[in-house]
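A quick write-up on the structure given underneath.
The values are calculated or read from the model by the stated rules, or taken from the named source; none is laboratory data. All figures in this text were calculated on a predicted structure; none of them were measured in a lab. Cβ sites come from the backbone with ideal geometry, for glycine too, and all protein chains shown count toward neighbours. The area values use the complete protein model at the heavy-atom level, side chains included, leaving out ligands, DNA and RNA. Shrake-Rupley method; radii C 1.70, N 1.55, O 1.52, S 1.80 Å.
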Amino acid sequence: MNDCIFCKIARGEIPGKKVYEDEELFAFHDINPVAPVHFMLIPKLHVASLMEVDNSHAALLGKMLVLAPKLAKEQGLNNGFRTVINTGKGGGQEVFHLHIHIIGGGNIPPMVRRD
Ligand code: 5GP
Ligand code: ZN
């Protein structure tokens with residue numbers, strides 16, 4: 001057991017609006033969405049961030065990327081979507097359990113503001 005909030009959501013210990021679940025992966029809506037559709041895809045395995053991955057995670061990461069467009073389409077994002085992985089403090093990561101944000105359905109701004 002650990003205190004990670006995303007592990008707890010995946011275990012059903014704290015509420016989350018589930019989008020998808022299988023043996024290895026879990027997806028749920030972001031509590032503070034930045035667009036009409038905003039959910040996160042996570043491995044059930046606790047991996048703190050993309051900084052911590054190695055070759056042993058290659059299949060799992062591949063599975064996540066293959067699943068992302070399928071779930072996005074199921075959520076109505078037939079016209080495209082944005083995937084974001086914030087990594088470490090330097091990447092603006094706030095929850096230290098690896099997650100892919102899947103975002104769309106609205107007016108998606110440029111990825112990085114140039115000002
Ligand atoms: P990060 O900045 O780490 O890439 O993104 C963390 C995301 O998790 C944020 O978009 C935030 O809104 C979301 N989040 C934080 N706590 C919770 C929670 O308890 N439940 C859900 N569903 N999302 C959360
Ligand atoms: Zn975790």
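What the table below lists for this structure:
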read-out: Dipole magnitude of the chain, debye to nearest 20 (Cβ charges: Lys/Arg +1, Asp/Glu -1, about Cα centre); value: 340
read-out: Net charge of Cβ neighbours under 11 Å - reference residue 104; Lys, Arg +1; Asp, Glu -1; value: +2
read-out: Neighbourhood net charge (14 Å Cβ-Cβ; Lys/Arg +1, Asp/Glu -1) for residue 26; value: 0
read-out: Net charge of neighbours whose Cβ lies under 15 Å from the Cβ of residue 45, counting Lys and Arg as +1 and Asp and Glu as -1; value: -2
read-out: Tilt relative to the chain, helix 58-74 - C-alpha long axis, 0 to 90 degrees, to 10; value: 40
read-out: Value at 222 nm in deg cm²/dmol, rounded to 500, when DSSP H runs of n ≥ 4 in the chain each add -39,500 (n - 2.57); value: -6000 deg cm²/dmol
read-out: Residue-normalised accessible area of the chain, given per residue in Å² at a 1.4 Å probe; value: 63
read-out: Accessible heavy-atom area order of 82, 114, 11, highest first, probe of 1.4 Å; value: 114, 11, 82
read-out: Convex hull projection area averaged over all views, region 5-104, Cα basis, nm²; value: 6.1
